[in-house]
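Data first, discussion second: the structure below is written as structure tokens.
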Amino acid sequence: MNISLIDWAIIAAFFVISMLIGIYTSKQAGKSAKDFFLSGRNMPWWLLGVSMVATTFSADTPNLVTDIVRKNGVSGNWVWWAFLLTGMLTVFVYAKLWRRSEVTTDLEFYEMRYGGKPAAFLRAFRAIYLGVFFNVAIMATVSLAAIKIGGVMLGLEAWETLLLASIVTVIYSSLGGLKGVLLTDFFQFFIAMAGAIGAAYYIIDLPEIGSLDNLLSHPNVSDKLNLFPDMSDMNLVIPLLLMPLAIQWWATWYPGAEPGGGGYIAQRMLSAKDEKNAIGATLFFNIAHYALRPWPWIIIALASLIVFPQISDLKAAFPAISDDKLGDDLAYSAMLTYLPTGLIGVVLASLIAAVMSTLSTHLNWGSSYIVNDFYLRFWKPEATDKELVLVGRISTVLLMVLAAIFALALSNALQAFQVLLQIGAGTGLIFILRWFWWRINAYTEISAMVISFAIALYFEFVNPKVGWITIPDGQEYLKILYGVGITTLVWLLVTLLTKPEKDEILLSFYRKVRPAAFGWKKLLDKYPEEKQEAGRLPQEIGLMLIGSIMVYAALFSVGFWIYGMTTYALMATCVAILGGFVLILSWKNLR
């Protein structure tokens with residue numbers, strides 16, 4: 001495609017602004033490790049919320065949505081829409097608990113909640129496991145999306161795309177720390193939203209499509225529009241709807257949708273001014289992530305079924321793309337090649353923003369684990385703040401290099417998404433219960449981590465059609481079910497067969513975080529002087545359900561308005577407004 005001087009000027013301006021933000025925030029970020037990784041714990045909800053949304057706006061997300069829609073229709077998105085339940089649980093139950101903990105990273109939590117060598121092992125191991133290996137895998141999927149965008153839209157080789165995408169990101173991430181990431185995310189979010197909406201609006205009017213009505217009535221598209229899978233076909237209902245809603249959202253661990261919060265979501269909550277800002281940030285994130293953003297991507301994915309109905313059509317249009325990078329997810333980038341001068345510059349800048357926002361967050365998050373939970377805790381406890389910031393900046397660069405190398409080995413975003421889900425299968429319930437059940441101990445988490453990873457390796461590298469577990473064709477969702485069932489059984493047995501944590505450790509955690517006392521009663525009965533408030537957990541879970549209904553209603557209302565289903569659109573809009581009104585009335589009681 002032809003990129004005009006205007007388009008290049010828009011892209012260049014975007015790069016310059018991002019660099020200036022990094023330089024502007026570098027002085028404050030360099031003061032201490034807490035400034036570098038938590039920005040002084042004084043960030044407002046709106047900045048943190050927008051940053052969370054910008055991070056999950058990653059360039060691989062529209063590719064993933066396109067892959068899903070082309071394979072399973074709009075209803076296939078329940079595989080990630082179900083994570084809204086996790087997000088709302090974090091909003092109303094866990095956000096304030098994380099802020100009260102006052103840890104620097106969520107891994108520091110381990111030595112607050114557990115004690116002794118097992119807790120230290122957990123913290124050290126997960127610092128490397130999550131901060132390096134898992135984090136690199138996530139960044140590699142983002143880099144893969146960048147490779148496909150660069151190959152289709154700019155004709156760049158994979159290494160050229162990775163070089164361009166990483167240089168500016170590494171510079172402003174390593175200079176500006178978390179505050180640089182937050183401010184850049186804020187700027188990048190609006191660029192990304194403008195690009196996605198503008199692209200969807202223009203593509204609808206392409207001669208090949210003609211109008212929104214023509215798009216929705218086209219035979220390639222009409223059977224892909226349902227918001228729910230065909231309820232008469234259990235082969236679709238089980239993997240696309242029942243598994244995500246009944247099991248996946250609470251039982252699996254996935255970055256950005258961790259049960260109980262965690263990762264870079266926890267990092268944002270920990271950097272909030274106070275508990276209410278932590279709650280407000282996560283609430284805004286979940287509304288924007290699930291209700292505001294999906295439809296521009298879905299529209300472009302549906303349009304691609306008309307322009308590029310088969311993967312062979314993509315291959316014919318872009319012969320330079322290697323076969324190992326060719327898939328349905330490539331269709332999103334392919335559709336953007338039809339955009340005009342000016343808009344293509346904005347869209348390219350928005351895609352670059354999506355890539356850089358996610359990479360910068362993961363670089364700062366992963367670096368925080370390496371510095372705070374490994375280097376400072378186990379390698380050099382006497383390290384100065386200046387030294388810690390330097391190690392953080394060096395590790396930022398190294399993480400980006402590793403992610404770029406790994407990206408060259410991946411082929412599509414859906415593949416990586418499914419592998420990561422499998423690795424975390426069965427661990428999610430622990431992250432929910434460990435705040436509220438005193439009996440959970442370090443061995444609980446260690447056993448779950450080991451078993452879930454072993455099962456994921458089995459399904460990935462051993463033929464799943466033979467041996468002690470059988471996965472029939474078309475029932476790959478059983479992998480998650482087996483993973484959750486086996487892992488949960490193992491960690492429950494380990495929990496009950498091992499000693500609980502020492503009372504002083506448990507009481508220290510309870511006093512600091514003040515969770516609802518339901519699951520702590522047996523411990524607290526031994527210490528009558530300890531306050532035993534039941535807490536507001538039932539009310540908080542009720543608000544979680546109301547919030548989920550509100551966001552789903554908003555998501556569906558946008559879809560119904562697009563589909564021209566006015567009655568359903570009005571009903572869904574009213575439900576969303578009513579849910580929002582209830583949450584506003586309940587806001588003052590959230591502490």
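Things to note:
- Length added when fully stretched, residue 545-residue 163, from 0.36 nm per residue minus Cα-Cα: 133.1 nm
- Diffusion constant of the chain at 10 °C, which comes from Stokes-Einstein with the Kirkwood Cα-pair radius and 1.306 mPa s, µm²/s: 65
- Spin-label model distance (nm) - residue 235 vs residue 476, 7 Å beyond Cα toward Cβ: 1.5
- Estimated vicinal HN-Hα couplings, Hz - region 385-394 in sequence order (Karplus 6.51, -1.76, 1.60; Gly, Pro = x): 4, 4, 5, 5, 5, 4, 4, x, 6, 5
- Loop sites in region 122-220: GluC sites (Glu not before Pro), DSSP, at most 15 other Cβ within 10 Å: 157, 208
- FRET efficiency, residue 503 to residue 531 (Cβ-Cβ, R0 25 Å, nearest 0.05): 0.95
- Remark: C-alpha extents of region 165-317 on the principal axes read 52, 39, 28 Å, sorted largest to smallest.
- Residue-wise HN-Hα coupling along region 231-245, computed from phi with Karplus coefficients 6.51, -1.76, 1.60 (Hz; x: Gly, Pro): 5, 7, 10, 5, 5, 9, 4, 5, x, 8, 10, 5, 4, x, 7
- Furthest towards positive pole of dipole, 242, 95, 381, structure part region 5-423, Cβ charges: 381
- Principal-axis tilt of helix 116-128 within the chain, Cα atoms, nearest 10 degrees: 20
- The mean of 1/r over all pairs of different alpha-carbon atoms in region 493-591, once inverted, gives a Kirkwood hydrodynamic radius of 16.9 Å.
- Structural descriptor for the chain: relative contact order 27 percent, calculated from alpha carbon pairs under 8 angstrom and at least 6 residues apart.
- Measuring r between the beta carbons of residue 566 and residue 337 and using R0 = 30 Å, the FRET efficiency lands at 0.30.
- Compactness check for region 274-394: Cα Rg over 2.2 N^0.38 Å is 1.56.
- Plainly put, region 539-591 has a radius of gyration that is 1.09 times its Kirkwood radius, both from alpha-carbon atoms, as the Rg/Rh ratio.
- In order along region 548-565, the Karplus-derived 3J(HN,Hα) couplings, from 6.51 cos²θ - 1.76 cosθ + 1.60 at θ = phi - 60°, round to 5, 4, 4, 5, 4, 4, 5, 4, 5, 4, 4, x, 5, 5, 5, 6, x, 8 Hz, and Gly and Pro are given as x.
- The relative contact order of region 539-591 comes to 42 percent, based on Cα pairs under 8 Å that sit 6 or more residues apart.
A short reminder: the numbers here are calculations on the coordinates, not readings from a lab. Remember, predicted model here, so these are calculated numbers, not experimental data. For neighbour counting, all protein chains shown are included, and Cβ atoms are generated from backbone atoms with ideal geometry for every residue, glycine included.
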